[in-house]
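**Student:** Input: one structure, supplied below.
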Amino acid sequence: MRKLMIAPSVGCCDLFHIEEQVKLINEKSDYLHMDIKDGVYVPSYGIGPDYLDYLNKHIDNLKPMDAHLMVKHPQQYLELFARSGAEYITPHTDCIEGDAFVTINKIKELGCKAGVALSPSVPLSTIEYYLPLLDKVTIMIVDPGISGQPVNPQMFVKINRLAKMRKELGLNFLIEADGSMNKDLYRPLYEAGADMVVLGPPALWNKDADFEKAWSIMENELEQELDGAERKI
């Protein structure tokens, strides 16, 4: 059975314990999710390319970093994040709709893997024509950049449709689910067809003040929730 991969949002690390937390995350996770927020496209701020660059230079055997660009004009920053060590660059579809092919091809020319993120209201038909060019599709299960939202259950249907499209077209991009992650979502997301989930404070950091204990709790929850789960595609 395929596992459900995890990508902790590294910008959520406690600034007073960042080194130990980043090292543990890098050792045990599958990908490093890097939330880049400009305060314009979304009403909050995140980490920047200097953060990725520092990790790239100081952490041995660094797991793949995914630069999730929640920014209004991602085209301006592609080279910057490629130089900073991002393996994946993932802009939002509504920010590249006028030059999607140019943007995706540019990401690949820079030596990175191309992802796109779809907000809950964005239909899958938006990416239909460039889906074969993508290495990852991130389905936002809440509106981006605003914490504390309930998950829209229609997003399980959306992920399942995307997984069926992938199978029918013979493609192999990753399907990632992002937003308000918690233990109750692991199984339905996995069964819908998601390959990976992004972990924020509710799914990881808030589990215990001791980060190693918090990680163990998260791992146990993930294992318990996926026990006996089956893909429905």
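**Student:** Could you tell me whether any residue of the stretch 46-64 is of a type in the set (Ser, Thr, Tyr), outside any helix (DSSP H, G or I) and either under 14 Å from Val22 (Cα atoms) or in contact (Cβ under 8 Å) with a residue 60 or more places away in the chain (or both)?
**Tutor:** no
**Student:** Mind listing just one residue for me: the one in the stretch 214-233 that is surrounded by 13 or more Cβ atoms within 10 Å (Cβ to Cβ) and acidic (Asp, Glu) and, of those, nearest to Arg166 (Cα to Cα)?
**Tutor:** Within the stretch 214-233, the match that is nearest to Arg166 (Cα to Cα) is Glu225.
**Student:** For the stretch 2-41, what are the residues that are hydrophobic (A, V, I, L, M, F, W, C) and either crowded, with 20+ Cβ neighbours inside 10 Å or touching a helix residue (DSSP H, G or I) at 6+ places or on another chain (Cβ under 8 Å) (or both)?
**Tutor:** Leu4, Ile6, Ala7, Val10, Cys12, Cys13, Val22, Leu24, Ile25, Leu32, Met34, Ile36 - these are the residues of the stretch 2-41 that are hydrophobic (A, V, I, L, M, F, W, C) and either crowded, with 20+ Cβ neighbours inside 10 Å or touching a helix residue (DSSP H, G or I) at 6+ places or on another chain (Cβ under 8 Å) (or both).
**Student:** Restricting attention to the stretch 133-144, which residues are over 17 Å from Ala7 (Cβ atoms) and in a loop (DSSP other than H, G, I, E, B)?
**Tutor:** Across the stretch 133-144, the qualifying residue is only Asp143.
**Student:** Cβ-Cβ distance below 9 Å, separation of 6 or more or different chains: which pairs start in the stretch 86-98 with a residue that is under 16 Å from Lys113 (Cα atoms) and end on one that is of a type in the set (Asp, Glu)?
**Tutor:** Ala86/Asp66; Glu87/Asp66; Tyr88/Asp66; Tyr88/Asp135; Ile89/Asp66; Thr90/Asp66; Thr90/Glu176
**Student:** Closer than 26 Å to Gly46 by Cα, in a helix (DSSP H, G or I) and modelled with pLDDT of 95 or more: which single residue out of Glu219, Glu168 fits that description?
**Tutor:** After applying the criteria, what remains is Glu219.
**Student:** For the stretch 14-42, which residues satisfy the criterion of being in contact with a Gly (Cβ under 6 Å, 6 or more places away or on another chain) and in a loop (DSSP other than H, G, I, E, B)?
**Tutor:** Val42, the sole residue that qualifies.
The values are calculated or read from the model by the stated rules, or taken from the named source; none is laboratory data. Source: prediction; values computed, not measured. Note that we place each Cβ from the backbone using ideal geometry, even for glycine, and neighbour counts take in every protein chain shown.
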